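Structure first, then comments.
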Amino acid sequence: MYDAPTAAEQALQQHDIKISSRNVQVYYGDTHAIKDVDVDIEDKTVTAFIGPSGCGKSTFLRCLNRMNDTIDVARVEGEILLDGENIYDKKVDPVQLRARVGMVFQKPNPFPKSIYDNVAYGPRIHGMAKNRADLDEIVERALRRAALWDEVKDRMSAPGTGLSGGQQQRLCIARAVATEPEVLLMDEPASALDPIATSQIEELIDELRRNYAVVIVTHSMQQAARVSQKTAFFHLGNLVEYDDTSKIFTNPEDPRTESYITGRIG
Amino acid sequence: MDVFWLVLTVLGLAVLGYWLGRTRALRSVAGDSRYLHSLPSYYGTNVALMTLVPAFFVMIAWLLIQPLIINDTVADMIPERAAQGAGELSLVMSDVRRVAAGLDAAVEQGALTEEEAASIRAEFTDIRARLGEIGVALGQEVSASTLRAAQVYRSMTASGSFWMSVVVLLLAGGGFATALMRTDKDFRARNVVESGVLAILFLAASIAILTTLGIVLSLIFNTVEFFRLYPIDDFFFGLTWSPSFGGGSELGVIPLLWGTFYISLIALAVAVPIGLFSAVYLSEYAPKPVRAFAKPLLEVLAGIPTIVYGLFALLTVGPFLQSVFGDDTVGWMQSASSVMTAGLVMGIMLIPFVSSLSDDIINAVPQAMRDGSYGLGATQSETVRQVILPAALPGIVGAILLAASRAIGETMIVVFGAGAAARLSLNPFEAMTTVTAKIVSQLTGDADFSSPEVLVAFALGMTLFVITLCLNVLALYIVRKYREQYE
Ligand SMILES: Nc1ncnc2c1ncn2[C@@H]1O[C@H](COP(=O)(O)OP(=O)(O)O)[C@@H](O)[C@H]1O
Ligand SMILES: [Mg+2]
């Protein structure tokens, strides 16, 4: 079902634009947090957002599935197109949108429910399963894709909060994957984890690229270099540079990018 | 010395000590506070604490213990025939105190000399008349033994307070001198003050605990006394409550417990859904301005004295219910007082309590839970129902149990709203009564304090105490367990 795409297909897909933003501005009250951001995010690609703390990476990421709607003071202007359709259009239901654009947060936040119920949460809400067997299958598939199945298959009814930090984060990824999103947003998904768990998550992200457009915010440049194909560098609310990861890390055009990469601003 | 002046003197000494300690410390380093071990104010505080704490501790203990000892000694002097039961002894003792106070007043006004007051004999002088002259009215002739007891009482009290003043002043002065002498640049005043503060805090905590212990003990003693007069299984399993002060009462607690339970149940049925929903609205949906306005308002509601709710039950809710369910319509309700009246009003009283506690608990659910749910495409009410309420459930259960224990202990609303008839019935429109209301009515009659009809109040109080204690412990246990979840 999830056969690897052929080389030709992959080459084609490299150019599919999944999300494109035009002239995006975000304000928190009077603070102008995101200024004029234009970016094209490709399908089946890992895109990394890097930049110093407070530069607006999380804010921009949250625009992509309208999570900023839950913040009273936040105001978003401009266009963000998902498959050519403006997600800030009045017709679009943000709740439906978030099922298509899933999100994984910085701190693992499993619900205080069983492992099974955590993963089944989204499918249940969206009525994705015809019956229990169907749901079981969805849960198993999601857990397998999050590389967690083998570790938890014998204790599906144990609370999700009882897992280790890395397992919890993979549970959250499984939870997001279970709703069959098209895009997966991850906000520093490994920053609360130890090195071993981090490398498991990174492998997982690389796997997920086969099926999804993955956008990952990270403060670790090594991580961006390891997992992403495209990198966007943000600074003070501006998108300074956006290009292939290899280009950004070896031959950046903007002097600000270069100073950040070489550790002079941070 | 008067206690008032004694306290003032010790306080004055402490203030002086603070100032002297500070000055002396500074002088020991020639005014350069950098060379002191602690900040100058610590040296001052040290002297002040050393003056205050031991002196006041002894004074409080003395004031508590002295009357006990004096009462004991004086009670021994009362001949057996003047005092038979425990109740009578306390009457005689209050006579003794009254005569003693009268003698004090007489001496003060110059009607008697100190000598005379200590030596007059009832056999030779009409005490009642002489005290009456100076405005101290006594109900009956003073017997010789009472007068002698009063004189001993006076002299013991006088010498007791004299010695107390001496000891307290010595302690204060001693503490003052010791602390001042130790004041020196290397003295670790900061650490000593720290332990002084600890001592004060410990004292406060132990007073709180000891008082509780005292209350429980007095409850227990009187309850045991009651069960000596009335069979224990008749109390716990008796189905009739009909106290008659002439004797032959039936004091079964079941009808009272049933009333308590029934009224609390109705109260919770009103308060829990409304309180919980309003908490969900306030914490999840309400815009900031609404919340800023409504939350304090609810807390004000929680502060209304229950007697006001009682009046509301009596004057508004009761008559209204009667006009709806009374003889004019369906005829279920005979009088305005009923389980329903009290239950509804008690429910209204509990709404702010439930809602404010639940609101705190819901707010304690981490934002990350909400984000996680919204991020999966859940709506707000799905998030509330499937993530927030389950996460907050243990805490909410705890809040409900706390509300239940308040409902069980509530008195005023029941007195005004539920009537006074102890009854075992299922009809919520009938008048019933509760444990608390009966405690009030048993104690406010003017029956003999040693009769089972009065002592039963303590057994009722004890029953109530145990029930609410269990509920509270359970509630605290649940709430605490829930707290650990997010640490
Ligand atoms: N909820 C909020 N309310 C107000 N200001 C916010 C909020 N979230 C973020 N900001 C501000 O927006 C800017 C960008 O923040 P953020 O997107 O979190 O940065 P990053 O993720 O790159 O560290 C910061 O200046 C921050 O203070
Ligand atoms: Mg961030």
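The values are calculated or read from the model by the stated rules, or taken from the named source; none is laboratory data. All figures in this text were calculated on a predicted structure; none of them were measured in a lab. Glycine gets a Cβ as well: all are built from the backbone with ideal geometry, and neighbour counts include every protein chain shown. All accessible areas refer to the heavy atoms of the entire protein, side chains included, with ligands and DNA or RNA removed. Shrake-Rupley method; radii C 1.70, N 1.55, O 1.52, S 1.80 Å.
The table below lists the values:
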quantity: Shielded by partner chains, the stretch A:99-141 residues - at least 30 Å² of accessible area, 1.4 Å probe, vs chain alone; calculated: A:Phe105, A:Asn109, A:Phe111, A:Pro112, A:Lys113, A:Tyr121, A:Ile125
quantity: Considering only the stretch A:7-261, percent of DSSP beta bridges that pair antiparallel, nearest 5; calculated: 60 percent
quantity: Virtual spin-label span in nm between B:Phe261 and B:Thr212, 7 Å along Cα→Cβ; calculated: 2.8 nm
quantity: Rel. contact order, % - alpha carbon contacts under 8 angstrom, at least six apart, the stretch B:241-486; calculated: 28 percent
quantity: Length-normalised contact order for the stretch A:7-261 - Cα pairs under 8 Å, 6+ apart - percent; calculated: 27 percent
quantity: Assigned charges on the beta-carbon of Lys, Arg, Asp, Glu; chain B dipole about Cα centre (debye); calculated: 1920 debye
quantity: Interface burial for A against B (accessible surface, 1.4 Å probe, total of both chains, Å², rounded to 100); calculated: 1600 Å²
quantity: Cα shape, chain B, gyration tensor, a/c 1.5 rule; calculated: oblate
quantity: Cut-off under 5 Å, modelled amide H: who pairs with A:Met186 long-range; calculated: A:Val104, A:Val215, A:Ile216, A:Val217
quantity: Share, in percent, of DSSP beta bridges within the stretch A:133-247 that are antiparallel, nearest 5; calculated: 55 percent
quantity: Surface share of carbon and sulfur [accessible, 1.4 angstrom probe, percent] for the protein assembly as shown; calculated: 61 percent
quantity: Solvent-accessible area of B:Asp2 with every protein chain in place, 1.4 Å probe, in Å² to the nearest 10; calculated: 100 Å²
quantity: Shape call, the stretch A:78-236: gyration tensor on alpha carbons, a/c limit 1.5; calculated: oblate
quantity: Size of charge dipole - the stretch A:7-261 - debye, nearest 20, with Cβ of Lys, Arg +1 and Asp, Glu -1, no other charges; calculated: 760 debye
quantity: Residue pairs, from the table A:Lys153/A:Lys230; A:Lys130/B:Lys295; B:Lys288/B:Lys481; A:Lys44/A:Lys153; A:Lys91/B:Lys295; A:Lys230/B:Lys288, whose Cα atoms sit over 32 Å apart; calculated: A:Lys153/A:Lys230; A:Lys130/B:Lys295; A:Lys91/B:Lys295; A:Lys230/B:Lys288
quantity: Positive-pole candidate from B:Leu265, B:Leu147, B:Tyr477, dipole of chain B, charges at beta carbon; calculated: B:Tyr477
quantity: Alpha-carbon centroid distance for the pair the stretch A:150-188 / the stretch B:376-436, whole angstrom; calculated: 38 Å
quantity: Counted charge near B:Leu357, where neighbours are those whose Cβ lies closer than 12 Å (Asp, Glu -1; Lys, Arg +1); calculated: -2
quantity: Residues of type lysines that A:Lys35 reaches as a straight line, Cα spacing below 18 Å, ignoring anything fewer than 8 places off in the same chain; calculated: A:Lys57
quantity: Length-normalised contact order for chain B - Cα pairs under 8 Å, 6+ apart - percent; calculated: 16 percent
quantity: Beta bridge orientation in the protein assembly as shown: antiparallel %, DSSP, nearest 5; calculated: 60 percent
quantity: Loop sites in the stretch A:122-205: trypsin sites (Lys or Arg not before Pro), DSSP, at most 12 other Cβ within 10 Å; calculated: A:Lys130, A:Lys153
quantity: Positive-pole candidate from B:Met346, B:Phe162, B:Pro79, dipole of the protein assembly as shown, charges at beta carbon; calculated: B:Phe162
quantity: Gyration tensor verdict on the protein assembly as shown (Cα atoms; rounded if a/c is under 1.5, prolate if a/b is larger than b/c, oblate otherwise); calculated: oblate
quantity: Point-charge dipole on Cβ atoms (K/R +1, D/E -1) for the stretch B:241-486, about Cα centre, debye to 20; calculated: 720 debye
quantity: Segment B:Leu311-B:Asn472, length gained on full extension (0.36 nm per residue, minus Cα span); calculated: 55.1 nm
quantity: Residues in the stretch B:206-238 that a label on B:Leu68 would reach, taking backbone N under 19 Å of a point 7 Å out along Cα→Cβ; calculated: B:206-222
quantity: Between the stretch B:224-244 and the stretch B:1-57, the alpha-carbon center distance in angstrom; calculated: 59 Å
quantity: Within the stretch B:101-197, GluC sites (Glu not before Pro) in DSSP loop having at most 16 other beta-carbon neighbours inside 10 Å; calculated: B:Glu123, B:Glu141
quantity: Two-site label geometry, B:Ser159 and A:Glu258: point separation in nm, points 7 Å out along Cα→Cβ; calculated: 10.1 nm
quantity: Residue (of B:Leu8, B:Thr316, B:Val415) at the positive-pole extreme of chain B, dipole from beta-carbon charges; calculated: B:Leu8
quantity: Sequence ranges A:221-232, B:293-304, B:173-184, ranked by mean other-Cβ count within 10 angstrom, highest first; calculated: A:221-232, B:173-184, B:293-304
quantity: Accessible-area ranking of B:Val193, B:Val397, largest first, probe 1.4 Å; calculated: B:Val397, B:Val193
